[in-house]
Amino acid sequence: MKYLAYTFLYYILSAILLPKEYFKRPPEIRKRWIKEKLALFGKKDFISQRKVIWIHAVSVGEVVALSSLIKNLVKNYDILLSTITDTGNYVAHQKFKNLPVKIIYLPLDCPFAIKRVLNIFNPSALLIAETEIWPNLILTTSKKIPVFLINARISNRSFERY
């Protein structure tokens, strides 16, 4: 029941906040930002012959912290790297511009958006940095592929609530 309430509230708040967030973005990235938040990817947006690992890093700190891991993983995998912040996205584009890393904004935490990412990019695992816990992201993704929380600390008490 909590999950349904969360999802319902998330849809309502997204409808209210998405326009505000859109106009907060610099004009040159607005179109890409809204497209990626709504998971409006096409099959031609990403073509891979190798397995894909999806890594979610919220902002600059996580992108920097995971850069060694990403540089090692690209030897065997293509990487789908999602961020939330504009600065994290920018830094990711700078750090990985010559590597097989597709960088996107994390889509809305809605089942339809997460399923679309899974269908288009076909990742074989999701690695979530730190404690960036989005219920629909984890629930929807874990039905198809393994989900790992990396570089995170969580107390026993907090873990029980999840």
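Bear in mind that the values in this text are calculations on the coordinates, not laboratory data. Note that the structure is predicted; figures quoted are calculated from it, not measured. For neighbour counting, all protein chains shown are included, and Cβ atoms are generated from backbone atoms with ideal geometry for every residue, glycine included.
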Quick check on segment 125-140. Is at least one of its residues within 15 Å of ALA39 (Cβ to Cβ), without any contact (Cβ under 8 Å) to a residue 60 or more places away in the chain, in a helix (DSSP H, G or I) and of a type in the set (A, V, I, L, M)?
no
Output the residues belonging to segment 116-130 that are closer than 22 Å to GLU21 by Cβ, surrounded by fewer than 20 Cβ atoms within 10 Å (Cβ to Cβ) and in contact with a helix residue (DSSP H, G or I) (Cβ under 9 Å, 6 or more places away or on another chain).
GLU130
Looking at (1) more than 27 Å from LYS144 (Cα to Cα); (2) under 17 Å from the mean Cα position of the chain (by Cα); (3) surrounded by fewer than 11 Cβ atoms within 10 Å (Cβ to Cβ), which is the one condition that is false for GLY42?
(1)
Got at least one residue in segment 11-18 being part of a helix (DSSP H, G or I) and aromatic (Phe, Trp, Tyr)?
yes
Identify the residue in segment 9-37 that is of a type outside the set (Lys, Arg), under 17 Å from ILE103 (Cβ atoms) and under 18 Å from the mean Cα position of the chain (by Cα) and, among all such residues, is surrounded by the most Cβ atoms within 10 Å (Cβ to Cβ).
GLU36
